[in-house]
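Have a look at the structure below before the remarks.
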Amino acid sequence: MKGTPLMTKNINKNVHNTGLSGIRLVSNFIKKPVNEVIQLTVGEIDLPTPFATKQAGIKAIEQDHTKYTDNMGILALRRIITEYAQEIYSEPYNPVTEVLVTVGASEGIDLAIRALVNPGDEVILVSPGYTAYTQAVTLAGGVPVVVDTRSSNFRLLPNQLEEVISEKSKLVILNYPNNPSGVVLSSQELVELANVIKRHDLYVLTDDVYNRLVYDQDFAPSIASVPDMKERTLVLNGLSKSHSMTGWRIGYLLGPECLIHELYKIHQTDVGCASSISQEAAMTALTVDRDNPSEIVPIFRERRDYVLKRLDEIGISYIKPEGTFYVFANIEKFGMTSLDFVKFLIQTVDLAVVHGSAFTEFGEGFIRISYAMDLSILKEALDRFQAAVAKLNNQKSLS
Ligand SMILES: Cc1ncc(COP(=O)(O)O)c(C=O)c1O
(Lines give C-alpha, C1' and ligand atoms only; values in the text may rest on other atoms or scores of the structure.)
Protein backbone atom coordinates (compact mmCIF):
# COMPACT_ATOMS: atom_id res chain seq x y z
CA MET A 1 0.00 0.00 0.00
CA LYS A 2 1.22 3.50 -0.82
CA GLY A 3 1.06 6.13 1.93
CA THR A 4 0.25 5.55 5.60
CA PRO A 5 -3.23 4.20 6.37
CA LEU A 6 -4.97 6.48 8.89
CA MET A 7 -7.88 4.14 9.54
CA THR A 8 -7.84 0.83 11.40
CA LYS A 9 -10.49 -0.80 9.19
CA ASN A 10 -9.02 -2.53 6.13
CA ILE A 11 -9.82 -1.53 2.60
CA ASN A 12 -11.29 -4.08 0.18
CA LYS A 13 -8.88 -7.01 0.02
CA ASN A 14 -9.34 -7.59 -3.70
CA VAL A 15 -8.38 -4.01 -4.42
CA HIS A 16 -5.46 -4.28 -2.02
CA ASN A 17 -4.25 -7.48 -3.73
CA THR A 18 -4.39 -5.98 -7.21
CA GLY A 19 -1.14 -4.70 -8.69
CA LEU A 20 -0.66 -1.74 -10.98
CA SER A 21 0.01 -2.23 -14.68
CA GLY A 22 3.55 -3.49 -15.21
CA ILE A 23 3.73 -1.39 -18.38
CA ARG A 24 3.49 1.84 -16.40
CA LEU A 25 6.22 0.56 -14.05
CA VAL A 26 8.77 1.15 -16.80
CA SER A 27 8.22 4.91 -16.65
CA ASN A 28 9.39 4.85 -13.00
CA PHE A 29 12.89 3.95 -14.19
CA ILE A 30 13.11 6.89 -16.56
CA LYS A 31 15.02 9.58 -14.70
CA LYS A 32 15.92 11.82 -17.64
CA PRO A 33 13.61 14.33 -19.34
CA VAL A 34 11.13 12.28 -21.39
CA ASN A 35 12.23 13.81 -24.69
CA GLU A 36 15.70 12.30 -24.24
CA VAL A 37 14.38 8.76 -23.91
CA ILE A 38 12.82 6.90 -26.83
CA GLN A 39 9.81 5.08 -25.46
CA LEU A 40 8.67 2.07 -27.45
CA THR A 41 6.41 1.16 -24.57
CA VAL A 42 2.88 2.35 -25.12
CA GLY A 43 0.10 0.57 -26.96
CA GLU A 44 -0.91 3.65 -28.83
CA ILE A 45 -0.71 4.53 -32.51
CA ASP A 46 1.27 7.68 -33.31
CA LEU A 47 -1.00 8.60 -36.27
CA PRO A 48 -3.88 11.07 -35.80
CA THR A 49 -7.55 10.14 -35.58
CA PRO A 50 -8.93 10.16 -39.16
CA PHE A 51 -10.00 13.62 -40.36
CA ALA A 52 -13.74 13.03 -40.92
CA THR A 53 -14.01 11.35 -37.52
CA LYS A 54 -12.44 14.37 -35.82
CA GLN A 55 -14.79 16.67 -37.72
CA ALA A 56 -17.76 14.62 -36.50
CA GLY A 57 -16.59 15.14 -32.92
CA ILE A 58 -16.26 18.88 -33.46
CA LYS A 59 -19.71 19.02 -35.07
CA ALA A 60 -21.22 17.13 -32.14
CA ILE A 61 -19.93 19.81 -29.78
CA GLU A 62 -21.05 22.66 -32.04
CA GLN A 63 -24.53 21.18 -32.29
CA ASP A 64 -24.71 20.80 -28.51
CA HIS A 65 -24.84 17.02 -28.62
CA THR A 66 -23.20 17.14 -25.25
CA LYS A 67 -25.74 15.44 -23.01
CA TYR A 68 -26.25 11.93 -21.65
CA THR A 69 -27.12 9.42 -24.34
CA ASP A 70 -29.07 6.18 -24.09
CA ASN A 71 -27.11 4.22 -21.49
CA MET A 72 -26.54 1.38 -23.97
CA GLY A 73 -25.11 3.89 -26.46
CA ILE A 74 -26.71 5.98 -29.22
CA LEU A 75 -29.01 3.61 -31.11
CA ALA A 76 -27.74 4.78 -34.51
CA LEU A 77 -24.20 3.89 -33.42
CA ARG A 78 -25.33 0.51 -32.16
CA ARG A 79 -26.93 -0.16 -35.54
CA ILE A 80 -23.69 0.75 -37.28
CA ILE A 81 -21.72 -1.51 -34.91
CA THR A 82 -24.00 -4.48 -35.51
CA GLU A 83 -23.82 -4.02 -39.29
CA TYR A 84 -20.04 -3.89 -39.02
CA ALA A 85 -20.06 -6.94 -36.75
CA GLN A 86 -22.22 -8.88 -39.18
CA GLU A 87 -19.56 -8.35 -41.82
CA ILE A 88 -16.65 -9.28 -39.56
CA TYR A 89 -18.13 -12.05 -37.43
CA SER A 90 -20.84 -13.31 -39.83
CA GLU A 91 -23.08 -13.26 -36.77
CA PRO A 92 -26.27 -11.21 -36.44
CA TYR A 93 -26.49 -9.11 -33.26
CA ASN A 94 -29.60 -7.18 -32.31
CA PRO A 95 -28.70 -3.46 -32.11
CA VAL A 96 -31.29 -2.85 -29.39
CA THR A 97 -30.42 -5.66 -27.00
CA GLU A 98 -27.10 -7.25 -27.95
CA VAL A 99 -24.59 -4.41 -28.09
CA LEU A 100 -23.33 -2.11 -25.36
CA VAL A 101 -21.13 0.92 -26.05
CA THR A 102 -18.44 1.21 -23.39
CA VAL A 103 -15.82 3.68 -22.22
CA GLY A 104 -12.96 2.11 -24.16
CA ALA A 105 -12.47 -1.63 -24.39
CA SER A 106 -11.03 -1.34 -20.88
CA GLU A 107 -14.46 -0.81 -19.37
CA GLY A 108 -15.71 -3.81 -21.35
CA ILE A 109 -13.05 -6.06 -19.79
CA ASP A 110 -14.13 -5.04 -16.31
CA LEU A 111 -17.87 -5.37 -17.07
CA ALA A 112 -17.52 -8.82 -18.59
CA ILE A 113 -15.41 -10.14 -15.75
CA ARG A 114 -17.45 -8.60 -12.96
CA ALA A 115 -20.73 -9.78 -14.45
CA LEU A 116 -19.57 -13.38 -14.90
CA VAL A 117 -17.17 -14.07 -12.05
CA ASN A 118 -18.13 -14.98 -8.50
CA PRO A 119 -15.45 -14.96 -5.78
CA GLY A 120 -13.31 -18.07 -6.20
CA ASP A 121 -14.26 -18.69 -9.84
CA GLU A 122 -11.28 -19.42 -12.04
CA VAL A 123 -10.66 -17.36 -15.15
CA ILE A 124 -8.32 -18.81 -17.75
CA LEU A 125 -5.90 -16.29 -19.21
CA VAL A 126 -3.41 -16.95 -21.96
CA SER A 127 0.18 -15.95 -21.37
CA PRO A 128 1.73 -13.74 -22.53
CA GLY A 129 -1.31 -11.53 -22.20
CA TYR A 130 -2.62 -8.05 -21.67
CA THR A 131 -2.09 -6.93 -18.09
CA ALA A 132 -5.61 -5.64 -17.38
CA TYR A 133 -7.15 -9.12 -17.43
CA THR A 134 -5.28 -10.31 -14.34
CA GLN A 135 -6.09 -7.09 -12.54
CA ALA A 136 -9.79 -7.18 -13.41
CA VAL A 137 -10.10 -10.83 -12.37
CA THR A 138 -8.39 -10.13 -9.03
CA LEU A 139 -10.61 -7.08 -8.45
CA ALA A 140 -13.66 -9.28 -9.00
CA GLY A 141 -12.40 -11.81 -6.42
CA GLY A 142 -11.76 -14.38 -9.15
CA VAL A 143 -8.68 -16.53 -9.53
CA PRO A 144 -6.53 -15.96 -12.63
CA VAL A 145 -5.26 -19.26 -14.06
CA VAL A 146 -2.54 -18.58 -16.57
CA VAL A 147 -1.75 -20.91 -19.49
CA ASP A 148 1.92 -20.97 -20.47
CA THR A 149 2.13 -21.00 -24.28
CA ARG A 150 5.91 -20.57 -24.65
CA SER A 151 6.34 -24.14 -25.89
CA SER A 152 3.90 -23.57 -28.76
CA ASN A 153 5.25 -20.22 -29.98
CA PHE A 154 2.49 -18.42 -28.06
CA ARG A 155 -0.34 -20.21 -29.86
CA LEU A 156 -2.91 -21.59 -27.44
CA LEU A 157 -3.38 -25.31 -28.10
CA PRO A 158 -6.54 -27.23 -27.17
CA ASN A 159 -4.59 -29.59 -24.89
CA GLN A 160 -2.97 -26.65 -23.05
CA LEU A 161 -6.42 -25.24 -22.43
CA GLU A 162 -7.81 -28.62 -21.40
CA GLU A 163 -5.01 -29.09 -18.85
CA VAL A 164 -5.90 -26.00 -16.79
CA ILE A 165 -9.67 -26.47 -16.75
CA SER A 166 -11.08 -27.41 -13.35
CA GLU A 167 -14.47 -27.60 -11.65
CA LYS A 168 -14.06 -23.95 -10.77
CA SER A 169 -13.34 -22.70 -14.29
CA LYS A 170 -15.88 -20.14 -15.47
CA LEU A 171 -14.44 -17.99 -18.23
CA VAL A 172 -11.69 -18.10 -20.85
CA ILE A 173 -10.25 -14.84 -22.16
CA LEU A 174 -8.80 -14.91 -25.66
CA ASN A 175 -6.94 -12.08 -27.34
CA TYR A 176 -5.86 -12.75 -30.92
CA PRO A 177 -4.22 -10.79 -32.51
CA ASN A 178 -2.35 -11.00 -29.25
CA ASN A 179 -0.83 -8.23 -27.22
CA PRO A 180 2.16 -8.62 -26.75
CA SER A 181 3.13 -11.43 -29.18
CA GLY A 182 1.29 -10.35 -32.36
CA VAL A 183 0.13 -13.96 -32.85
CA VAL A 184 -3.10 -14.48 -34.83
CA LEU A 185 -4.91 -17.83 -34.61
CA SER A 186 -6.46 -19.44 -37.68
CA SER A 187 -10.17 -20.24 -37.94
CA GLN A 188 -9.34 -23.93 -37.58
CA GLU A 189 -7.35 -23.37 -34.37
CA LEU A 190 -10.28 -21.37 -32.98
CA VAL A 191 -12.76 -24.12 -33.88
CA GLU A 192 -10.63 -26.60 -31.91
CA LEU A 193 -10.48 -24.28 -28.90
CA ALA A 194 -14.23 -23.70 -29.17
CA ASN A 195 -14.80 -27.46 -28.97
CA VAL A 196 -12.96 -27.59 -25.63
CA ILE A 197 -14.81 -24.52 -24.34
CA LYS A 198 -18.19 -25.99 -25.31
CA ARG A 199 -17.37 -29.39 -23.87
CA HIS A 200 -16.61 -27.80 -20.49
CA ASP A 201 -19.50 -25.33 -20.74
CA LEU A 202 -17.34 -22.22 -20.22
CA TYR A 203 -17.93 -18.61 -21.14
CA VAL A 204 -15.48 -16.85 -23.42
CA LEU A 205 -14.49 -13.21 -23.71
CA THR A 206 -12.76 -12.54 -27.00
CA ASP A 207 -10.83 -9.29 -26.98
CA ASP A 208 -10.60 -8.39 -30.65
CA VAL A 209 -9.28 -4.83 -30.40
CA TYR A 210 -6.46 -5.56 -32.87
CA ASN A 211 -8.56 -7.58 -35.32
CA ARG A 212 -8.20 -5.05 -38.16
CA LEU A 213 -4.46 -4.55 -37.64
CA VAL A 214 -3.32 -7.72 -39.37
CA TYR A 215 -0.78 -8.17 -42.13
CA ASP A 216 -1.95 -11.15 -44.17
CA GLN A 217 -5.74 -10.79 -44.24
CA ASP A 218 -8.48 -8.14 -43.97
CA PHE A 219 -9.36 -9.01 -40.41
CA ALA A 220 -8.35 -11.70 -37.96
CA PRO A 221 -10.63 -14.68 -37.37
CA SER A 222 -12.46 -14.67 -34.03
CA ILE A 223 -13.93 -17.45 -31.93
CA ALA A 224 -17.16 -15.41 -32.08
CA SER A 225 -17.61 -16.60 -35.67
CA VAL A 226 -17.48 -20.29 -34.77
CA PRO A 227 -21.00 -21.76 -35.08
CA ASP A 228 -22.90 -22.28 -31.80
CA MET A 229 -20.60 -20.07 -29.76
CA LYS A 230 -22.82 -17.00 -29.47
CA GLU A 231 -24.65 -18.01 -26.28
CA ARG A 232 -21.38 -18.23 -24.32
CA THR A 233 -19.34 -15.51 -26.05
CA LEU A 234 -18.81 -11.85 -25.32
CA VAL A 235 -17.04 -10.00 -28.11
CA LEU A 236 -14.99 -6.99 -27.11
CA ASN A 237 -13.82 -4.43 -29.62
CA GLY A 238 -13.27 -0.71 -29.87
CA LEU A 239 -11.84 2.17 -31.83
CA SER A 240 -8.66 2.91 -29.87
CA LYS A 241 -6.40 0.79 -32.06
CA SER A 242 -8.24 0.60 -35.39
CA HIS A 243 -8.85 4.36 -35.64
CA SER A 244 -6.12 5.91 -33.43
CA MET A 245 -8.80 6.92 -30.94
CA THR A 246 -7.31 6.00 -27.57
CA GLY A 247 -8.28 9.33 -26.03
CA TRP A 248 -11.89 9.22 -27.25
CA ARG A 249 -12.57 6.15 -25.09
CA ILE A 250 -14.97 4.15 -27.24
CA GLY A 251 -15.30 0.39 -27.00
CA TYR A 252 -18.20 -2.01 -27.38
CA LEU A 253 -19.38 -5.42 -26.29
CA LEU A 254 -21.51 -7.79 -28.32
CA GLY A 255 -23.23 -10.83 -26.89
CA PRO A 256 -26.53 -12.53 -26.16
CA GLU A 257 -29.17 -10.31 -24.58
CA CYS A 258 -29.16 -12.24 -21.28
CA LEU A 259 -25.47 -11.39 -20.75
CA ILE A 260 -25.49 -7.86 -22.17
CA HIS A 261 -28.40 -6.99 -19.88
CA GLU A 262 -26.36 -7.98 -16.81
CA LEU A 263 -23.29 -6.05 -17.96
CA TYR A 264 -25.51 -3.07 -18.64
CA LYS A 265 -26.44 -2.85 -14.95
CA ILE A 266 -22.81 -2.34 -13.97
CA HIS A 267 -22.20 0.06 -16.86
CA GLN A 268 -25.25 2.14 -15.88
CA THR A 269 -24.03 2.38 -12.30
CA ASP A 270 -20.42 3.13 -13.15
CA VAL A 271 -20.47 5.50 -16.09
CA GLY A 272 -24.05 5.99 -17.29
CA CYS A 273 -22.94 6.19 -20.89
CA ALA A 274 -19.87 6.74 -23.03
CA SER A 275 -19.15 10.33 -24.11
CA SER A 276 -21.84 11.63 -26.49
CA ILE A 277 -19.20 13.46 -28.53
CA SER A 278 -17.04 10.37 -28.89
CA GLN A 279 -20.03 8.25 -29.83
CA GLU A 280 -20.92 10.65 -32.64
CA ALA A 281 -17.32 10.55 -33.85
CA ALA A 282 -17.43 6.74 -33.66
CA MET A 283 -20.38 6.70 -36.06
CA THR A 284 -18.21 8.42 -38.65
CA ALA A 285 -15.22 6.22 -37.82
CA LEU A 286 -17.24 3.09 -38.59
CA THR A 287 -18.83 4.49 -41.77
CA VAL A 288 -16.89 7.24 -43.59
CA ASP A 289 -13.55 6.18 -42.06
CA ARG A 290 -14.37 2.50 -41.92
CA ASP A 291 -11.34 1.60 -44.04
CA ASN A 292 -8.87 3.50 -41.88
CA PRO A 293 -7.31 0.27 -40.57
CA SER A 294 -6.61 -0.98 -44.12
CA GLU A 295 -5.02 2.39 -44.87
CA ILE A 296 -2.67 2.30 -41.88
CA VAL A 297 -1.70 -1.38 -42.08
CA PRO A 298 0.84 -0.79 -44.91
CA ILE A 299 2.56 1.83 -42.71
CA PHE A 300 2.78 -0.67 -39.87
CA ARG A 301 3.93 -3.45 -42.18
CA GLU A 302 6.85 -1.29 -43.31
CA ARG A 303 7.73 -0.50 -39.69
CA ARG A 304 7.39 -4.12 -38.63
CA ASP A 305 9.59 -5.34 -41.46
CA TYR A 306 12.21 -2.72 -40.62
CA VAL A 307 12.28 -3.68 -36.92
CA LEU A 308 12.46 -7.40 -37.73
CA LYS A 309 15.31 -6.83 -40.20
CA ARG A 310 17.27 -4.93 -37.57
CA LEU A 311 16.58 -7.58 -34.92
CA ASP A 312 17.83 -10.23 -37.36
CA GLU A 313 21.02 -8.24 -37.89
CA ILE A 314 21.49 -7.77 -34.13
CA GLY A 315 20.94 -11.49 -33.56
CA ILE A 316 17.73 -11.30 -31.54
CA SER A 317 15.03 -13.89 -32.17
CA TYR A 318 11.27 -13.25 -32.10
CA ILE A 319 7.95 -14.63 -33.24
CA LYS A 320 7.03 -12.78 -36.44
CA PRO A 321 3.97 -10.66 -35.59
CA GLU A 322 0.99 -11.40 -37.86
CA GLY A 323 -0.98 -8.57 -36.28
CA THR A 324 -0.82 -5.66 -33.75
CA PHE A 325 2.13 -3.26 -33.65
CA TYR A 326 4.31 -5.15 -31.18
CA VAL A 327 7.25 -7.53 -31.47
CA PHE A 328 7.92 -9.88 -28.57
CA ALA A 329 11.67 -10.37 -28.73
CA ASN A 330 13.63 -13.08 -26.96
CA ILE A 331 16.36 -11.84 -24.62
CA GLU A 332 16.91 -15.09 -22.68
CA LYS A 333 20.47 -15.43 -23.97
CA PHE A 334 21.59 -12.45 -21.89
CA GLY A 335 20.84 -14.36 -18.69
CA MET A 336 19.08 -11.47 -16.99
CA THR A 337 15.46 -10.89 -16.04
CA SER A 338 13.41 -8.96 -18.55
CA LEU A 339 12.98 -6.15 -16.02
CA ASP A 340 16.75 -5.89 -15.49
CA PHE A 341 17.20 -5.87 -19.26
CA VAL A 342 14.72 -3.00 -19.57
CA LYS A 343 16.47 -1.05 -16.80
CA PHE A 344 19.79 -1.64 -18.56
CA LEU A 345 18.42 -0.27 -21.85
CA ILE A 346 17.04 2.83 -20.15
CA GLN A 347 20.22 3.50 -18.18
CA THR A 348 22.74 2.83 -20.93
CA VAL A 349 21.10 4.00 -24.16
CA ASP A 350 17.96 5.96 -23.17
CA LEU A 351 15.60 3.47 -24.74
CA ALA A 352 12.49 2.11 -23.03
CA VAL A 353 10.60 -1.08 -23.95
CA VAL A 354 8.36 -3.27 -21.80
CA HIS A 355 9.65 -6.27 -19.84
CA GLY A 356 7.99 -9.54 -20.79
CA SER A 357 7.14 -10.35 -17.17
CA ALA A 358 4.63 -7.46 -17.29
CA PHE A 359 2.51 -9.83 -19.39
CA THR A 360 2.37 -12.52 -16.65
CA GLU A 361 5.28 -14.56 -15.36
CA PHE A 362 5.42 -16.69 -18.52
CA GLY A 363 6.44 -13.65 -20.53
CA GLU A 364 9.79 -13.69 -18.72
CA GLY A 365 12.77 -13.88 -21.07
CA PHE A 366 11.15 -11.51 -23.57
CA ILE A 367 10.66 -7.80 -24.15
CA ARG A 368 7.83 -6.09 -25.99
CA ILE A 369 8.87 -3.53 -28.56
CA SER A 370 6.06 -1.31 -29.81
CA TYR A 371 6.64 -0.08 -33.36
CA ALA A 372 3.82 2.47 -33.32
CA MET A 373 6.38 5.17 -34.10
CA ASP A 374 7.73 6.95 -37.13
CA LEU A 375 10.43 5.02 -39.04
CA SER A 376 13.04 7.70 -38.28
CA ILE A 377 12.47 7.20 -34.53
CA LEU A 378 12.51 3.44 -34.93
CA LYS A 379 15.83 3.69 -36.73
CA GLU A 380 17.39 5.67 -33.89
CA ALA A 381 15.80 3.31 -31.35
CA LEU A 382 17.23 0.24 -33.05
CA ASP A 383 20.66 1.89 -33.27
CA ARG A 384 20.51 2.40 -29.52
CA PHE A 385 19.30 -1.14 -28.99
CA GLN A 386 22.17 -2.46 -31.08
CA ALA A 387 24.66 -0.45 -28.99
CA ALA A 388 23.21 -1.84 -25.75
CA VAL A 389 23.33 -5.41 -27.05
CA ALA A 390 26.95 -4.91 -28.17
CA LYS A 391 27.78 -3.75 -24.64
CA LEU A 392 26.16 -6.82 -23.11
CA ASN A 393 27.94 -9.11 -25.58
CA ASN A 394 31.25 -7.44 -24.69
CA GLN A 395 30.65 -7.85 -20.97
CA LYS A 396 29.86 -11.52 -21.59
CA SER A 397 33.00 -12.16 -23.61
CA LEU A 398 35.18 -10.45 -20.95
CA SER A 399 33.74 -12.46 -18.07
C1 LIG B 1 -5.54 -6.36 -25.75
C2 LIG B 1 -6.08 -5.04 -25.32
N3 LIG B 1 -7.35 -4.95 -24.93
C4 LIG B 1 -7.88 -3.78 -24.52
C5 LIG B 1 -7.12 -2.64 -24.50
C6 LIG B 1 -7.74 -1.35 -24.00
O7 LIG B 1 -8.19 -0.58 -25.06
P8 LIG B 1 -9.03 0.76 -24.84
O9 LIG B 1 -8.11 1.90 -25.12
O10 LIG B 1 -10.13 0.68 -25.85
O11 LIG B 1 -9.54 0.77 -23.46
C12 LIG B 1 -5.78 -2.68 -24.90
C13 LIG B 1 -4.94 -1.47 -24.86
O14 LIG B 1 -3.74 -1.50 -24.98
C15 LIG B 1 -5.25 -3.91 -25.33
O16 LIG B 1 -3.98 -4.03 -25.73
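The values are calculated or read from the model by the stated rules, or taken from the named source; none is laboratory data. Worth saying up front: this structure is predicted, and the values here are computed from it rather than measured. Here the Cβ is made from the backbone with ideal geometry for all residues, glycine too, and neighbour counts use every protein chain on show. With ligands, DNA and RNA removed, areas are computed over all heavy atoms of the protein, side chains included. Shrake-Rupley method; radii C 1.70, N 1.55, O 1.52, S 1.80 Å.
Remark: spin-label model distance residue 64-residue 167 equals 6.2 nm, labels positioned 7 Å along the Cα→Cβ axis. Within the range 1-105, the chymotrypsin sites (Phe, Trp or Tyr not before Pro) that combine a DSSP coil assignment with at most 10 other C-beta atoms in a 10 angstrom radius are 68. Taking amide H as placed 1.01 Å from N in the peptide plane, residue 250 has its amide H under 5 Å from the amide H of 104, 239, 240, each at least 5 places away in sequence or on another chain.
You can think of it this way: the chain between residue 201 and residue 398 has 65.3 nm of extra reach, that is 0.36 nm per residue less the Cα-Cα gap.
Protein heavy-atom accessible surface, 1.4 Å probe, per residue over the range 213-269: 36 Å². Computed about the Cα centre, the dipole magnitude for the chain is approximately 1180 debye when only Lys and Arg (+1) and Asp and Glu (-1) carry charge, each at its Cβ. Within the range 51-285, DSSP assigns beta bridges of which about 35% are antiparallel (rounded to the nearest 5). With the convex hull drawn around the C-alpha atoms of the chain, the volume per residue stands at 163 Å³. Helix 375-398 and the longest principal axis of the C-alpha atoms of the chain enclose an angle of approximately 50°.
In square nanometres, what is one fourth of the surface area of the convex hull spanned by the alpha carbons of the range 54-179?
Mean projected area of the Cα convex hull: 10.1 nm².
One chain, two ends: residue 257 and residue 4. Fully extended at 0.36 nm per residue, the span grows by 86.6 nm beyond their Cα-Cα distance. Helix 338-349 versus the longest principal axis of the chain: what angle, 0 to 90°, nearest 10, using Cα atoms? Tilt of helix 338-349: around 60 degrees. Our coupling estimate for the range 181-187, obtained by passing each phi through the Karplus curve with A = 6.51, B = -1.76, C = 1.60 and θ = phi - 60°, is 8, x, 6, 10, 8, 7, 4 Hz, Gly and Pro reported as x. Working note: Karplus 6.51/-1.76/1.60 with θ = phi - 60° gives the range 354-371 the couplings 9, 5, x, 5, 5, 9, 5, 4, 7, x, 4, x, 10, 10, 9, 9, 8, 9 Hz, where Gly and Pro are set to x.
With R₀ fixed at 22 Å, the C-beta to C-beta distance from residue 266 to residue 11 puts the FRET efficiency at about 0.60. Amide hydrogen proximity for residue 290: with H placed 1.01 Å from N in the peptide plane, no residue at 5 or more positions away or on another chain lies under 5 Å. Excluding same-chain neighbours fewer than eight residues apart, the lysines reachable from residue 59 by a Cα-Cα span under 22 Å are 67. Across the alpha-carbon set of the range 51-285, the Rg to Rh ratio works out to 0.96, Rh being the Kirkwood radius.
If both residues of a DSSP beta bridge must be in the chain, then about 45% of such bridges are antiparallel. Around residue 316, under 12 Å between beta carbons, what's the net of Lys plus Arg minus Asp minus Glu among the other residues? With Lys, Arg at +1 and Asp, Glu at -1, the net is 0. Extension gain, residue 28 to residue 379: 0.36 nm times the residue separation minus the Cα-Cα distance gives 123.9 nm.
Helix 75-89 against the longest principal axis of the chain: what's the angle in degrees, Cα atoms only, rounded to the nearest 10? For helix 75-89, the angle is close to 60 degrees. Return the carbon/sulfur percentage of the accessible area of the chain, one whole number, probe 1.4 Å, all protein chains in place. Ligands and nucleic acids excluded, carbon and sulfur reach 52 percent. Under a 5 Å amide H cut-off, with hydrogens placed 1.01 Å from N, residue 318 pairs with 330 among residues at least 5 apart or on other chains.
Along the range 294-302 the Karplus relation, 6.51 cos²θ - 1.76 cosθ + 1.60 evaluated at θ = phi - 60°, assigns HN-Hα couplings of 5, 6, 8, 4, x, 5, 6, 5, 4 Hz to successive residues, with x for each Gly and Pro. Here the range 247-318 is treated with +1 on each Lys and Arg Cβ and -1 on each Asp and Glu Cβ, and its dipole about the Cα centre works out to around 180 debye.
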